[in-house]
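Chemist: Here's a structure for you.
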Amino acid sequence: MSEITQAACPACLTANRVSSARLGEEPKCGHCGAPLFPGAPIDLGDAEFEKFVNRTRLPVLVDFWAPWCGPCRAMAPHFERAAAQLKGKVQLVKVNTEQSPAFAMRLSIRAIPTLVLYHDGTEIKRASGALDTGELVKWAA
């Protein structure tokens, strides 16, 4: 019997139950029909962030960044490639700290880029600084 996991829809934030055996089969949201695992980073603001992280049982890797940050811009293509490689295993999310400075302060984001890995809504590890694709994939595992 296949294990069931929960995944939040990146479009409508509805919690969806998905068989672990189907995670690689492009499952769609039962509410809005959007892909649950787009294979690209999901941009979230502070209003959506907590709902998404708390409704997803897969690991969620978050890149806290800002548009003016050179290392953030340099890491962006690596983060995109890592999202494609980790599709259906880890959800990759980006949070722009310029648009949500109070939220970033509340989460103790003191440097950017900062990567935070969540599992079942709980922070399990954190690192500051840019990583390449291979390092991101390995760090998220």
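Chemist: Can you name the residue in the stretch 1-23 that is within 30 Å of residue 109 (Cα to Cα) and out of contact with any Cys (no Cβ under 7 Å at 6 or more places or on another chain) and, of all such residues, is surrounded by the most Cβ atoms within 10 Å (Cβ to Cβ)?
Modeler: This residue is 8.
Chemist: For residue 39, work out the one condition from (1) on the phi > 0 side of the Ramachandran plot; (2) modelled with pLDDT of 95 or more it doesn't fulfil.
Modeler: (2)
Chemist: May I pose another question? Can you find, within the stretch 79-135, the residue that is most open to solvent (accessible area, probe 1.4 Å) among those that are under 20 Å from residue 24 (Cα atoms) and assigned to a strand (DSSP E or B)?
Modeler: Applying the filter and picking the extreme gives 119.
Chemist: List the number of the failed condition for residue 72; all other conditions in (1) out of contact with any strand residue (DSSP E or B) (no Cβ under 7 Å at 6 or more places or on another chain); (2) surrounded by 20 or more Cβ atoms within 10 Å (Cβ to Cβ); (3) of a type in the set (A, V, I, L, M, F, W, C) hold.
Modeler: Failed condition: (1).
Chemist: Can you confirm whether the stretch 24-38 contains a residue that is surrounded by 20 or more Cβ atoms within 10 Å (Cβ to Cβ) and touching a Lys or Arg at 6+ places or on another chain (Cβ under 8 Å)?
Modeler: Yes, the conditions are met somewhere in the stretch 24-38.
Chemist: Output the number of the condition that residue 63 fails; it satisfies all remaining conditions of (1) open to solvent by 10 Å² or more (accessible area, probe 1.4 Å); (2) in contact with a strand residue (DSSP E or B) (Cβ under 7 Å, 6 or more places away or on another chain); (3) of a type outside the set (Lys, Arg).
Modeler: (1)
Chemist: Moving on. Could you count how many residues in the stretch 40-57 are touching a helix residue (DSSP H, G or I) at 6+ places or on another chain (Cβ under 8 Å), open to solvent by 20 Å² or more (accessible area, probe 1.4 Å) and closer than 24 Å to residue 133 by Cβ?
Modeler: Counting residues in the stretch 40-57 that are touching a helix residue (DSSP H, G or I) at 6+ places or on another chain (Cβ under 8 Å), open to solvent by 20 Å² or more (accessible area, probe 1.4 Å) and closer than 24 Å to residue 133 by Cβ gives 2.
The values are calculated or read from the model by the stated rules, or taken from the named source; none is laboratory data. Keep in mind that what you see is a predicted model, and the values were worked out from it rather than measured. Here Cβ is always computed from backbone atoms with ideal geometry, including for glycine, and neighbour counts include all displayed protein chains. Heavy atoms of the whole protein, side chains included, go into the accessibility calculation; ligands, DNA and RNA do not. Shrake-Rupley method; radii C 1.70, N 1.55, O 1.52, S 1.80 Å.
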